[in-house]
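For reference, the structure discussed in these notes is given below.
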Amino acid sequence: MTSELDIFVGNTTLIDEDVYRLWLDGYSVSDAVALRVRSGILEQTGATAAVLQSDTMDHYRTFHMLERLLHAPPKLLHQLIFQIPPSRQALLIERYYAFDEAFVREVLGKKLSKGTKKDLDDISTKTGITLKSCRRQFDNFKRVFKVVEEMRGSLVDNIQQHFLLSDRLARDYAAIVFFANNRFETGKKKLQYLSFGDFAFCAELMIQNWTLGAVDSQVDDMDMDLDKEFLQDLKELKVLVADKDLLDLHKSLVCTALRGKLGVFSEMEANFKNLSRGLVNVAAKLTHTKDVRDLFVDLVEKFIEPCRSDHWPLNDVRLFLNQYSASVHSLDGFRHQALWDRYMGTLRGCLLRLYHD
Amino acid sequence: MPGKLKVKIVAGRHLPVMDRASDLTDAFVEVKFGNTTFKTDVCLKSLNPQWNSEWFKFEVDDEDLQDEPLQITVLDHDTYSANDAIGKVYIDIDPLLYSEAATVISGWFPIYDTIHGIRGEINVVVKVDLFNDLNRFRQSSCGVKFFCTTSIPKCYRAVIIHGFVEELVVNEDPEYQWIDRIRTPRASNEARQRLISLMSGELQRKIGLKVLEMRGNAVVGYLQCFDLEGESGLVVRAIGTACTLDKLSSPAAFLPACNSPSKEMKESPLVHPPSHGCRSTHNSPIHTATGSRLTQNFSVSVPTLIYTGMGSGSAGKEGGPFKALLRQQTQSALEQREFPFFTLTAFPPGFLVHVGGVVSARSVKLLDRIHNPDEPETRDAWWAEIRQEIKSHAKALGCHAVVGYSESTSICEEVCILSASGTAAVLNPRFLQDGTVEGCLEQRLEENLPAGCGFCHIPYDELNMPFPAHLTHCYNCRKQKVPDVLFTTIDLPVDATVIGKGCLIQARLCRLKKKAQAEANATAISNLLPFMEYEVHTQLMNKLKLKGMNALFGLRIQISVGENMLMGLASATGVYLAALPTPGGIQIAGKTPNDGSYEQHISHMQKKINDTIAKNKELYEINPPEMSEEIIGSPIPEPRQRSRLLRSQSESSDEVAELDLSHGKKDAFVLEIDDTDAMEDVHSLLTDVPPPSGFYSCNTEIMPGINNWTSEIQMFTSVRVIRLSSLNLTNQALNKNFNDLCENLLKSLYFKLRSMIPCCLCHVNFTVSLPEDELIQVTVTAVAITFDKNQALQTAKTHAEKSLQRASTDNEELLQFPLELCSDSLPSHPFPPAKEHLESASSNSGIPAAQRATSVDYSSFADRCSSWIELIKLKAQTIRRGSIKTTVTVEKASPVGEGNFRNRSSPPCANSTVGVVKMTPLSFIPGAKITKYLGIINMFFIRETTSLREEGGVSGFLHAFIAEVFAMVRAHVAALGGNAVVSYIMKQCVFMENPNKNQAQCLINVSGDAVVFVRESELEVVSTQQPTANCQPACAGGEVTT
């Protein structure tokens, strides 16, 4: 006796959250059944393995049918085939678009292309996330990217509107899209200590301050592309390190203000010129796409690592960066105050977030 | 020119991409009614076109309005080649034809294609202007309301229940016409869908005409079925009960004490699914006279009494002119009716006087081509024959009427089994015709009989019983005689006094048969039928006893025929009726006393059986009070000498003598066993696993003994097909496979719905079919309803204590709106103290107390077997080694009760989301009140695929299709302005596959009543009765998850 056909269709579509998770995690039906058995469900409910198998198959089939709709969440809301209460719909969507930290770290900043997709095998092996789940997550990134690119208005709003994600998740996707668009390097060994959250935080600051959207809210891709003009202008900051007088003045202003307040004052004093050169050079190089991509590598190399090797406490870093930014206003010969603030305001935020072990 | 149909095409959305180059579609719409077609403009390059068309107007006869569906086709415009069809929408405009229902159909309809399924949606507005037409000779029957619900619909009152109406129409099946060889599958499917739509329209119109002739204005319990006879054609037939209904005007909401209008009391709130009966008759003698046609008549004595009800002519000619009717009224109206049948399963209080038992008839026919579709006489004659038989069975039971009547067919190649069944009953004539009172009935309506047991009292003459029965005095009133077991096809009457809870009981059976052709095949089948009926019956009886219960309601026996086997599946809801005697246990006796190990084995089995009975009694809370004269503490399982009844053994005659009760004759209930089979049977009895704790199940509308429903419901359909390995095709292996299939299916359901616990599966409806040689298909539709466990517990505790109030609470338990009772009458209060109350109450409701209190006795002996069974027994005995005895303990049940009024349990969870459409096979929605019936939904869909694997195999294909069918039903209901379908039924689900060709096809037919309901919590003025403490956590606004 073999079961040829075995289905269950409810007027309200049954969604089992646990099975949904297993499905999202890319387990095959048999693996999912095995995992469910291990969870002790048979003992709790007195069901048999056959029942569990049938139930799992059924849910998988439902999810498979729902998947097409999940690719365009507004469709899920308006479709008539599956009657699903709104709270469940929200859950389906949110979970479908959720991603694994380990996976996103691998893909963040990479081009969402077929080439990357081919590497998913390796990512799967490396992270222990099933290939199926990797594909779903990758396809989600790509789908969101495709939909919102060349679109007007706020990136987060666009994502939220087209994918009905929670605010939190929409922000994360905005970061992913932003990184993918600008191809920031995040995979280097020295960047491994950074979490997705660190990058997302920086992305948000950069979107707010460094993109076209920061100055003009009526252009396509306003939140995705960096403001070219701004990057061009950043060259002007070079004077801060090129002009020796200015550099000395800057240093003395900072040192005067921080004397006695910094545990690592002497290290700071000794390193000031290096640090300042690092920060300003990063700015000056941003005209080249290649250097834009290496932004985070440069920040870590030029600032984070030197400070860390001298064991600066985070608070000292904060005091230093605040003073370092603010003192520029007192440099009479320096005319690009607004530019400096736009650059340093964001950079300060990023550096403080990136400064940890 | 009696009507103007107006249609407006507003917009489309989610259309499929029809032009690969642009990824867009140039859509336009054709609107067709009859022979007239209109077109919208082409909406270029859009998947969400806005047509906003003008009003397309069709001027048509109302006859056409009833017959024709509105056909909307969405196409993709193509400049150079033929336009491609995207899909269609058929809209039945019948609901617009009667005034109280919907006034406009407006909404989003799924665009359906028989090959691709749903492809986007279209927004349509439809209106009808009807002109009054006084033409007496008209052919239309606009204005007659149709209800699938098998009770008087909630917001109506039955003035007169006229009786049976039936009709059938036949046609050639387009699938089998020559043209089908040259047209595409899509064209062929669409031709079929259109034809069936047309035929059901015509059928409904013709039935409507009959109703008008009878001066009725509605058909209740309307059941329409298709017989796909293959080469020989397509039959669409329908039965129903003609009524004159009055709309209740009362704006329900505002009775403070009870949440529903008192008037509702008059209507019986319970409805039950159609069920089939089991006392049966087979037509089997074969007349070969006509050459190719077999008429077989096997008569098994089936107690059926038919009493009232006006039957219409069987052939569907004129039903009954008024004059004839008037004449009839002066005589004994019912007996004059050709078929005093009622498709209702629940009745207004006082309507049902006595129940005699289940009556059924089957007949095996050979199909031949229907030569003249306009004269479907053969099919009419077949059904007339069967109905006649049913009628005579009912007569034999001393009954005048058959209630809970239904008909069905099973077809395999050219053999067709026609089945009909119902419950013989004596009815109160008051409802049947105004002003007519049956003399003979009056005698029986003794006022002082308590109502809680009246329907159980035997309707036949004790001294002249139609079959051997075992009678005792009613355990409730002690005055009338009752049978020891009662089988019926109806719902548990509202006023019945039950003890404990009910449960689903199924008998399952397979029998192999040789493959044969034509007459030989039909003969083989008809020879097998009585054996199957007998065994099914025995199984039911044994399982009933094993549950410690004494009555079955909602009995439905389905016999399905396949190429090489027959399957029988009986489902019913077992209960313990307080009026009937405590069932005896089951005792096994070995036939070879010398064999020690055998004896030991037998006693071991016996112990297991006793344990099971005891466990079941606890599980279902069956603890009837002991009567004072009883010996203290006699748990049922202990066999009692004095009442032991040994059946089926020839040597048992001396034991029979011990019986002091009134059954003089041999008890007919036998379990036939030979050595192996015996063990098998006993084992199978014991392998039926009870549902997990927190779950109950029944196939009636509501679960006896559970009253505190909460508002969460989940209707579902589950389908399973198994392939038998051809190697082990023995009856035993088959039975086991079939049994496992059903049990596993139930287990799966319990597992899937575990998040709803505590809950009850109601109206569990199994259908079995044998689509191919080694395939068995089981389809289940049911609804899971949550209930409040706390209250249930409470009830259980007080159970034993308050016996006096028992009956009244029982009544309430059975009502879905229990509080109605407290203001208006406890219509069936069985005890004298309640009498005054009752009278005053009934005066409110306009029903004389006398009739409410009426009880007549009837008994069912459903299980008595008649002579044909005896015959079988003889045969069977030759191989029998062990046998099962039934022990009857003489214990008397008296009403016990939990006196607490139950609180309304519908929690105030509003049905928040707009657009949610509930579906349920029940006639009501828990915790809600139906305020309007919008019309009948009757839809037929075909889906075909030539890319089965790509669509996820057979499971993926059917899963998607059923989901689509649900979606289309919901969309139609929503467009009518409704928010639920009640009395929903999937009448057909025919699935065919050809995996080698990567093809599959499925036909589904569903129906139900579209309604508007309002949550009681929204209606309610906060009443003192609602202690609100019982907000169940479980109620999540209809949200169901696992």
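Figure legend. Inter-residue proximity from the stretch B:5-20: first residues within 14 Å of another protein chain (Cβ to nearest Cβ) and under 20 Å from B:Ile105 (Cβ atoms), second residues open to solvent by 40 Å² or more (accessible area, probe 1.4 Å) and part of a strand (DSSP E or B), beta-carbon distance below 6 Å, spacing 6+ or different chains. Indicated pairs: B:Ala11/B:Gln50. Among the residues of the stretch B:737-767, just one is part of a strand (DSSP E or B), out of contact with any Pro (no Cβ under 8 Å at 6 or more places or on another chain) and open to solvent by 10 Å² or more (accessible area, probe 1.4 Å), namely B:Thr767. One residue stands out among those in the stretch A:286-299 that are modelled with pLDDT under 90 and out of contact with any helix residue (DSSP H, G or I) (no Cβ under 8 Å at 6 or more places or on another chain): the one that is nearest to A:Leu246 (Cα to Cα), which is A:His288. Restricting attention to the stretch B:83-91, does a residue exist that is part of a strand (DSSP E or B), within 14 Å of chain A (Cβ to nearest Cβ) and either acidic (Asp, Glu) or under 28 Å from B:Gly915 (Cα atoms) (or both)? Looking through the stretch B:83-91, at least one residue is part of a strand (DSSP E or B), within 14 Å of chain A (Cβ to nearest Cβ) and either acidic (Asp, Glu) or under 28 Å from B:Gly915 (Cα atoms) (or both).
Return yes or no: is A:Ala32 within 25 Å of B:Leu958 (Cα to Cα) and either open to solvent by 30 Å² or more (accessible area, probe 1.4 Å) or facing chain B (nearest Cβ under 10 Å) (or both)? When the stated conditions are applied, A:Ala32 does not pass them. Counting the residues of the stretch B:715-736 that are buried (at least 20 other Cβ atoms within 10 Å of the Cβ), facing chain A (nearest Cβ under 7 Å) and not hydrophobic (A, V, I, L, M, F, W, C) gives 3.
In the stretch B:685-714, what residues are in a loop (DSSP other than H, G, I, E, B) and facing chain A (nearest Cβ under 7 Å)? Selection gives B:Pro692 alone.
If the condition is being farther than 16 Å from B:Tyr933 by Cβ and modelled with pLDDT of 90 or more, then the stretch B:212-224 contributes B:Leu223, B:Gln224. Note on the stretch A:1-29: among residues that are away from chain B (no Cβ under 11 Å) and touching a residue at least 12 places away in the same chain (Cβ under 8 Å), the one that is most open to solvent (accessible area, probe 1.4 Å) is A:Arg21. Within the stretch B:563-586, the set of residues being surrounded by 24 or more Cβ atoms within 10 Å (Cβ to Cβ) and either assigned to a loop (DSSP other than H, G, I, E, B) or out of contact with any Lys or Arg (no Cβ under 9 Å at 6 or more places or on another chain) (or both) comprises B:Thr573, B:Leu577, B:Ala578, B:Ala579, B:Leu580, B:Pro581, B:Thr582, B:Pro583, B:Gly584, B:Gly585. Flag: A:Asp55 does not match the condition of being open to solvent by 20 Å² or more (accessible area, probe 1.4 Å) and within 28 Å of B:Met919 (Cβ to Cβ). A single member of B:Asn83, B:Asn123 is open to solvent by 20 Å² or more (accessible area, probe 1.4 Å), without any contact (Cβ under 8 Å) to a residue 60 or more places away in the chain and not hydroxyl-bearing (Ser, Thr, Tyr), and it is B:Asn83. Inside the stretch A:206-233, can you point out the residues that are among the aliphatic types (A, V, I, L, M) and surrounded by fewer than 17 Cβ atoms within 10 Å (Cβ to Cβ)? Across the stretch A:206-233, the qualifying residues are A:Val215, A:Val219.
The C-beta contact set for the stretch A:243-254 (first residue in the same structural domain as A:Arg277 (by the TED database) and without any contact (Cβ under 8 Å) to a residue 40 or more places away in the chain, second residue open to solvent by 60 Å² or more (accessible area, probe 1.4 Å) and basic (Lys, Arg), distance under 9 angstrom, 6+ apart or interchain) comprises A:Leu247/A:Arg277. If the condition is being surrounded by fewer than 16 Cβ atoms within 10 Å (Cβ to Cβ) and more than 8 Å from every other protein chain (Cβ to nearest Cβ), then the stretch A:35-52 contributes A:Val37, A:Arg38, A:Ser39, A:Gly40, A:Glu43, A:Gln44, A:Ala49. If you go through the stretch B:994-1009 and keep only what is farther than 18 Å from B:Ala963 by Cα and out of contact with any Pro (no Cβ under 8 Å at 6 or more places or on another chain), you end up with B:Asn994, B:Pro995, B:Asn996, B:Lys997, B:Asn998, B:Gln999. Considering the stretch B:385-417, the residues that are more than 30 Å from B:Asn564 (Cβ to Cβ) and in contact with a helix residue (DSSP H, G or I) (Cβ under 8 Å, 6 or more places away or on another chain) include one that is modelled with the lowest pLDDT, namely B:His400. Filtering B:Gly977, B:Gly915, B:Gly1008 for residues that are surrounded by fewer than 21 Cβ atoms within 10 Å (Cβ to Cβ) and either part of a strand (DSSP E or B) or within 14 Å of another protein chain (Cβ to nearest Cβ) (or both) leaves a single hit, B:Gly915.
Taken together, the criteria exclude A:Ile129 from residues that are within 14 Å of chain B (Cβ to nearest Cβ), under 20 Å from A:Leu24 (Cα atoms), touching a residue at least 60 places away in the same chain (Cβ under 8 Å) and among the β-branched types (Val, Ile, Thr). Scanning the stretch A:271-299 for residues that are polar (S, T, N, Q) and over 24 Å from A:Gln232 (Cβ atoms), which turns out least open to solvent (accessible area, probe 1.4 Å)? Per the criteria, the residue is A:Asn271.
Taking the criterion of being touching a Lys or Arg at 6+ places or on another chain (Cβ under 7 Å) and open to solvent by less than 60 Å² (accessible area, probe 1.4 Å), the only residue of the stretch A:62-79 that qualifies is A:Leu69.
Considering only residues in the stretch A:58-90 that are of a type in the set (A, V, I, L, M) and closer than 26 Å to A:Leu120 by Cα, the one that is farthest from the other protein chains (Cβ to nearest Cβ) turns out to be A:Leu70. In this structure, is B:Glu951 under 25 Å from B:Asn994 (Cα atoms) and open to solvent by 30 Å² or more (accessible area, probe 1.4 Å)? So B:Glu951 passes the test.
To keep it simple, each residue is scored yes or no on (1) buried (at least 19 other Cβ atoms within 10 Å of the Cβ); (2) modelled with pLDDT under 90.
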residue: A:Glu269; (1), (2): no, yes
residue: A:Glu301; (1), (2): no, no
residue: A:Glu305; (1), (2): no, no
residue: A:Leu319; (1), (2): yes, no
residue: A:Tyr324; (1), (2): yes, no
residue: A:His336; (1), (2): no, yes
residue: A:Arg342; (1), (2): yes, no
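The values are calculated or read from the model by the stated rules, or taken from the named source; none is laboratory data. If you're wondering where the values come from, they're calculated on a predicted model, not measured in any experiment. With ideal geometry, Cβ positions are generated from the backbone for all residues, glycine too; neighbour counts draw on all protein chains shown. Areas reflect the complete protein model, heavy atoms only, side chains present, ligands, DNA and RNA absent. Shrake-Rupley method; radii C 1.70, N 1.55, O 1.52, S 1.80 Å.
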